[in-house]
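Here is the structure we will look at, set down as C-alpha cells.
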Amino acid sequence: MTDDASKPQSVRDYRETLFLPKTDFPMRAGLPKAEPKWLERWEKLNIYNQLRAASQGREQYVLHDGPPYANGHLHIGTAMNKILKDFVTRSHQMLGYNAQYIPGWDCHGLPIEWKVEEQYRKKGRNKDDVPLAEFRKECRDYASHWLDVQREEFKRLGVQGEWGNPYTTMAYSSEAAIAGEFLKFAQSGQLYRGSKPVMWSPVEQTALAEAEVEYADHTSTTIWVRFPVSGTPVSVNLERASKMKDASVLIWTTTPWTIPGNRAISYNTSISYGLYEVTAIDDSDFTPWSRVGEKLIVADSLWEEVAKTAKVSGFTRLADVDASTLTCAHPFAGEGYDFPIPLLAGEHVTEEAGTGFVHTAPGHGAEDYDVWLANGYKDIPETVGPDGAYYDHVPLFSGLQVIRTTGKKTGKDGPANAAVVDKLVETGALLARGRIEHSYPHSWRSKAPVIFRNTPQWFIALGEEGDKNSLRAKALAAIENTRFYPPRGKNRLSAMVDGRPDWLISRQRAWGVPLTLFVRAGTGEYLQNEAVNARIIEAFKVEGADAWFAENAQERFLSGLVDDWEAYEKVEDILDVWFDSGCTHAFTLENRENLKWPADLYLEGTDQHRGWFQSSLLESCGTRGRAPYDGVFTHGFVMADDGRKMSKSLGNVIDPADIARTNGVEILRMWVASSDVQDDMRMGPEIIKTAADSYRKVRNTLRYLLGALQGFDETKQVEPKDMPSLERLMLHRLSVMDEEVRAAYIALDYKRAFSLLFAFCNEELSAFYFDIRKDALYCDPLKSPRRLAARTVMDLIFERLVTWFAPLMPFTMEEVWLTRFPSDTDSVHLRTFPDTPTDWRDDALAADWTRITNLRRVVLGSLEEARSAKLIGSSLEAMPQVFAQDAADHAAITAQAEGAEAEFLADVFITSQAVLTAQEGPDNAFRLGDAPGVSVLVEKAPGVKCSRSWKYFDAANADASYPDITLRDAKAVREWDTAHG
RNA sequence: GCGGCGGUAGCUCAAUGGAUAGAGCACCUCCUUGAUAAGGAGAAGGUUGGGGGUUCGAGUCCCCCACGCCUUCCCA
C-alpha cells in the first residue's frame, strides 16, 4: 500500500491546526549589541541595590575583591578573574545569601609612579624638580583615570557589584586606615629597622621585594681574581709557610663591581683545596694573565677547569691547603684597601662552579652578610649609594655607577665594572675574565637589573623559628584554619610563609602611604606614642597621606605630645604597596557598614600566594591574630591555545574587549564556566568557537521551551500525581539536578554546574524529552491531560533552568526570562533558585526508566540500520518489534505504561507503533553488545500515514469526518475547527 | 638547578586501584524539514606525554625521562 492510494482526493493541510512552538525569541542572540542594553537596564533599575534591600536579614556571603592595579586595560586574565568572582556572588545570592561584592583597586606604588615619571621625562622635566605634592597629585590622577577605564571594562563583563562605591587604597579613609594598621605593628614592636643587603633598583632608587622583581637573562662579566695570601698563623710549620709565600687564593665572581666591597673570602670545610704551581702556559692565541711560577689555591675539583680558563697548560700540585689557616690581602691593598681579608667557613660555598672560594662582600649579598655576621664582624661596608654609584668615600672608584640610571642606556652596565676590571689588571690580580649569560633579577617596572645593596630598611619581623607567638607561627596556624580551593593551595601558602624572610616594607618612593614614624635622633629608636598616632590618623582621614609631607608636619604631629619634638627625624619612606593591599580587609570589610569580617572568600590567581593572600594574611595575623578570610580560591593562568604563555611577540594574545565586540561577553563567560579554572586554562580562536557553539545549543533549548510554553499559565498546571510517567521522570530529574547544581555552586565548582546544566539541555531535554513529547505537544488536543502535564513540566523546567544558568549567563537568562514574563522592572537576577519539592524524587520510577531507555537505545540503533537499508526514512515509518528477555524490563514497562504499553513504547521510541515480545529475538534481529537479552526487528509500520501527525494508523478506525487522520488528531482538529469557525 | 603543580579523543571536560577509559562539541554519514542559520540518529576518533615498577588488576600508586606552567635560588 502506498500513501497516495490511501489518501482522500483533496488533502487538507492541517499545519494550521497544530500547536507549533512559537516565540519572538530570536535564534541568533546578537550579543555584542544586546549586552550593553541589558547593562543599561540593570543600572537603571539599580539591581544591585534592589538585591541589597531585598536581602536584608539573610545570611551574608562576602567575597572580598582582590584589588587589580589601576594601570592599563584589562587582559584576559583579569577578565577571567572578575567573571569567576561574579559567578561566586551571583550564585550565592541565588542560593539565598546576601552576597555583596565591593570591587576595589590598588592605586599606590611604583608602576604608577614610574608611568608618571615617564610623562615628565617626555616633557623634559626631571622628577626631582617637581614638588612632591604635585607629583603625588599626578599619580592620584593617573590612578583615577585607569580606575575609571577598568571599571567600565569590568562592568561590560556583566560583573555585578557596588561599582558606584568601590574601595581604593588611595581614598583618604584607606590611607588613614593603612597608616593605622602600620602603627599597630609599630606599637606592638613587630616593626624594626635593620641594615642588610636588599634588592635595590638603582634606576628607580628603591628597595624591592621579591614580588617586585622578575628574572631575565643577563650577560655578566665574570672575573677570576687573585687574593694574595698575606699571612698564616704561627702554628703552621715553616715548610708549609714557605710554600704559601707568594700564593694567592683565587675567587670567581660575576659582579666585578662588588670587589671594592669585599671584606672576606668564604670557603667550605668539606671541600678539599690544593696549592697549585703553574709550570707552563698556553700563549698561542694571546698572552694570558697567568704566569709561570705563580701559586694558586683552588678547590681540587675545580682546578682543571680554572686552569683551562686561565690558559694554564702545565702545573704541579704542591700541597693540601687548610683554608682556615689563611688570611689574604685585598687586591687593591696599598690604595685604600688596607685591611686583612679573612677566610670564613660557609655552607653556601659549593663546587658547582667557580674556584671553591667565594668572594664575600657583606653589603652586597645575603649569604655574604650572614657569614660576615656569623663570624663576629659587625660593620657592614657601605660602598654603593642609592643611585647605584660608589660613595665618595670609596677609594679609586668614587662616583662610578654600577648601572646606568639615565639616558638611552638606562639599565645597562655603568663604568664601575670596567673600572674595577682595569684596576685588577693593573694591580696584577686578574687571572682571567669571561662572560656568562644567566638569569638575573630585574625590576618588574623598569626592566633594569637590580643589585644587592646594604641599606637601612624597615622590616616586619616574622619571628624566630620555634617561637610560637611569632607572626610566622600565627600565620601558619591561620592557614590551617582556612579552607582552600583547591586544597593544594594550603601547602603552597604554608611553604611560602614558612620559608619567607622578614617583610621588607619600606620603599624610597613618593607615591604611597608613608611609614608614619618619628625616629629619635641619635638612638635610632622610633616613637611609640598613641596620642601622636591618633593625630596622624585623624589628619590622614581628612587630608589623606599628603598630610605627612606637608610643611611643618613634624611640629603639627609632635608638638605638645613629646618633650622635644625637634629631636626626632620624620621617616620619609613609603610603605610597600603589598602592605596597602594587605590592609584592604581592614578598611573595606571592617570599616564599611553591612559587611563582615573575616571574608568568606578571597579569590585570585595562584600568583597571589606570594602576593595578596600572603600580605593580607600577615597583616591580619599581626594585628588581629587570624586570617581575614575563611576560604581561599585560586585559579590558574590563561595560556594560549598551544599551552604557551600569551605574548604580544607570539601574536597569540586574546583580548577580552575583542571577544566582547565580536562574540559577546556571554561567550567569554561560558568559556570560564566550562574551563577547569583551578588549572591553567587555554584560550584561542577554536576554543572561543567551542564556547560559541555551546552557547547556541543552550540558547536553542531555552528558545524551544519559550515556544512550547506560549500561552501557558499557572492555572493550567497539572498535579504531579496526575502526570504521565515520563513527566514524573522529568520531575525526578529536576529534583536530582536541584541537589547537584546547588552542591556544585556551593563547592564553587562552576565547571561542574555548567556541565550538569549543559548535559541536561542536550541529553535529557533536546534529545529525549522534547523529542518524545513533540507529538503530544503539537498534535494533542489543547487540553489533553498529557499535553497539559508536559507543559506543566516544561514550565517547571524553565523556571529552574533559567535561574540555574543565571549566575553563569546573566545576559541571556535575563533575555529569556523577560521574553516569557515581560516587565519593565523585573529581573531574573532578583530571584533565588526555586525550591524543588523533595517528593518529586522517585528512585524506583527512575530505575524503571533506566531499563526503558536502555531498550530505547537498542531500538534507535535498529532504526538506523533500517534507515541505511532504505526500509524507512523517518522513524514514524517504523514499527519496531522489541524482544526483551528480562522480566524486569517488562515489569518496568508495565509499571510506567499505565495500561497502554504499545502506545507508550511507540511514544518513547518515536515510532508509529511498537511491539514488545518476551522471547529471544531471531538471529537477524538487531543487537547491541552492551545490551544483552535485547534485540529488535524493524518492520514498516502498517496502516496509512496520518496527514496531521504523520503517524501510521489503521484507517478503519478513523473518524468519519476526518478519515485521513487519527482519532486523537480528529479530536484536536474538531476543537480547532469549532474555535476558528 | 631546587621546589610545587599539570597533561585523558581535534576542542572542553568525566572516570573510590576494578568490566571493553566515558560525555558533549566539532568533523563525516544518514534521517527529518512541524525547534529549520534548527532537531534526531549513527559512525569514526585514545599507546591516558614516554619508559620502567608495585599489583590478580594502574589513567589512578611508586621511580626515571622529556615537556608545559608556577615558584624560588643563582653561578657569589
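The values are calculated or read from the model by the stated rules, or taken from the named source; none is laboratory data. All values derive from a computational prediction rather than experimental measurement. Neighbour counts are summed over all protein chains in view; Cβ atoms, including those assigned to glycine, are modelled from backbone coordinates with ideal geometry.
Details
- Conditions (1) charged (D, E, K, R); (2) within 27 Å of A:Cys761 (Cα to Cα); (3) within 6 Å of RNA strand B (Cβ to nearest atom): number failed by A:Arg699: (3)
- Which listed residue is among the basic types (Lys, Arg), without any contact (Cβ under 8 Å) to a residue 60 or more places away in the chain and part of a helix (DSSP H, G or I), from A:Arg867, A:Arg857: A:Arg867
- Which listed residue, of A:Ala691, A:Ala759, is aliphatic (A, V, I, L, M), within 11 Å of RNA strand B (Cβ to nearest atom) and surrounded by fewer than 20 Cβ atoms within 10 Å (Cβ to Cβ): A:Ala759
- Filter result for A:Val298 (in a helix (DSSP H, G or I), in the same structural domain as A:Pro441 (by TED's automatic domain parsing), touching a strand residue (DSSP E or B) at 6+ places or on another chain (Cβ under 6 Å) and not aromatic (Phe, Trp, Tyr)): no
- Residue in the stretch A:793-806 that is within 25 Å of A:Val859 (Cα to Cα), in contact (Cβ under 8 Å) with a residue 24 or more places away in the chain and either part of a loop (DSSP other than H, G, I, E, B) or β-branched (Val, Ile, Thr) (or both) present: no
- The stretch A:87-101, subset hydroxyl-bearing (Ser, Thr, Tyr) and touching a helix residue (DSSP H, G or I) at 6+ places or on another chain (Cβ under 7 Å), residue nearest to A:Trp804 (Cα to Cα): A:Ser91
- Residue within the stretch A:548-570 that is at pLDDT 90 or above and within 30 Å of A:Gly466 (Cβ to Cβ) present: no
- Among the residues of the stretch A:521-544, those identified as surrounded by 14 or more Cβ atoms within 10 Å (Cβ to Cβ) and touching a strand residue (DSSP E or B) at 6+ places or on another chain (Cβ under 6 Å) are A:Tyr526, A:Leu527.
- A:Arg856 being modelled with pLDDT under 95 and under 27 Å from A:Cys779 (Cα atoms): yes
- For first residues located in the stretch A:265-286 and under 25 Å from A:His364 (Cα atoms) and within 16 Å of RNA strand B (Cβ to nearest atom), partners that are acidic (Asp, Glu) and modelled with pLDDT under 75 and lie 6+ apart or on another chain with Cβ distances below 7 Å form the pairs A:Asn268/A:Glu347; A:Ile271/A:Glu351.
- Unique match (being surrounded by 14 or more Cβ atoms within 10 Å (Cβ to Cβ) and under 17 Å from A:Trp42 (Cβ atoms)) among A:Arg140, A:Arg151, A:Arg136: A:Arg151
- In a residue-by-residue description of the stretch A:664-672, the property of being aromatic (Phe, Trp, Tyr), within 13 Å of RNA strand B (Cβ to nearest atom) and surrounded by fewer than 20 Cβ atoms within 10 Å (Cβ to Cβ) applies to no position.
- Subset of the stretch A:475-492 (residues that are in a helix (DSSP H, G or I) and under 18 Å from the mean Cα position of the chain (by Cα)): A:Arg488, A:Gly489, A:Lys490, A:Asn491, A:Arg492
- Positions within the stretch A:427-461 being more than 14 Å from A:Gly388 (Cβ to Cβ), buried (at least 19 other Cβ atoms within 10 Å of the Cβ) and in contact with a Ser or Thr (Cβ under 7 Å, 6 or more places away or on another chain), in sequence order: A:Leu431, A:Ala432, A:Gln457, A:Trp458
- Looking only at residues of the stretch A:308-348 that are in a strand (DSSP E or B) and within 16 Å of RNA strand B (Cβ to nearest atom), we find that the one that is modelled with the lowest pLDDT is A:Ala345.
- From A:Leu748, A:Leu706, residue being over 30 Å from A:Tyr602 (Cβ atoms) and either buried (at least 18 other Cβ atoms within 10 Å of the Cβ) or within 15 Å of RNA strand B (Cβ to nearest atom) (or both): A:Leu706
- Residue count, the stretch A:349-388 (criterion: more than 7 Å from RNA strand B (Cβ to nearest atom), among the aliphatic types (A, V, I, L, M) and either in contact (Cβ under 8 Å) with a residue 40 or more places away in the chain or assigned to a loop (DSSP other than H, G, I, E, B) (or both)): 3
- Taken together, the criteria place A:Asp658 among residues that are away from RNA strand B (no atom under 16 Å from the Cβ) and under 23 Å from the mean Cα position of the chain (by Cα).
- Of the criteria (1) aliphatic (A, V, I, L, M); (2) buried (at least 17 other Cβ atoms within 10 Å of the Cβ); (3) within 8 Å of RNA strand B (Cβ to nearest atom), which one A:Ala767 fails: (2)
- Subset tally (residues that are within 15 Å of RNA strand B (Cβ to nearest atom) and assigned to a strand (DSSP E or B)) for the stretch A:939-954: 5
- From the options A:Asp338, A:Asp370, residue that is of a type outside the set (Gly, Ala, Ser) and over 29 Å from A:Glu426 (Cβ atoms): A:Asp370
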